[in-house]
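One structure is given below, encoded as structure tokens.
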Amino acid sequence: MSTAMTSAEALRAVEVLASRPLVRLVTEIDDNGAMPPRRLAGTLPDLSTQEVRSASDAARAHGLIRITPGVGLELTQAGAELADLYDAMAGWARRHGVPAPVCEFSSRIRHVLGLLAPSLTGESVDTPSPMGGSEGEAALARPRMLLTQWLADNPQVAKVSEPEPAA
């Protein structure tokens, strides 16, 4: 499938994918379809204007969204696949009650990414499994496989430098 990422690349990928504003933007477009860029602040009122702008810039820089004239911001194939990955991670977290039985969708995503981050480099890690032992490792196998495949198909997420602000 892919060679293991360096620690720096894994950290970068997890930082990008775990960004609450990015999670909110990608899932909002996935759930409700394309939206005009000028309506983002109203659609995501829990985010500051700077967070919305930063998430939009990062999503475009990483090839997750595009602006289509007459349609607005829409997910690319990579963005749609990321939304599916987020759904799978959140489902796993919900089934296992982590980080809490009731919590925000993006918190579930960040928690699962935090659990999976050490395994992205291929290095052995001495962090305890969320469920204890091999049972916990087996439970994380599907989210790990989906994340690893998505990152192999989208290496730009780990390598792209900070996006330039929109002019």
Full extension from Thr68 to Ala138: what is 0.36 nm times the residue separation minus their Cα-Cα distance, to one decimal in nm? 21.1 nm
Skipping prolines and chain starts, which residues have an amide H placed within reach, meaning under 5 Å, of the one on Ile65, given they are 5 or more residues away or on another chain? Arg60, Thr76
Modelling each spin label as a point 7 Å along the Cα-to-Cβ direction, I'd like the Arg39/Asp57 distance in nm, to one decimal. 2.5
Residue-by-residue Karplus 3J(HN,Hα) for segment 60-77, coefficients 6.51, -1.76, 1.60, Hz, glycine and proline x: 5, 4, 9, x, 9, 9, 9, 9, 10, x, x, 10, x, 6, 9, 6, 7, 4
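Working out 0.36 nm times the residue gap between Cys103 and Asp46, then minus their Cα-Cα distance, what length gain in nm do you get to one decimal?
Details: separation 57, 0.36 × 57 = 20.52 nm, distance 1.53 nm.
Fully extending the segment from Cys103 to Asp46 adds 19.0 nm.
No lab work stands behind these numbers, since they all come straight from the coordinates. Because the structure is predicted, anything quoted here is derived from the model rather than measured. No Cβ is skipped: glycine too gets one built from the backbone with ideal geometry, and neighbour counts run over all protein chains shown.
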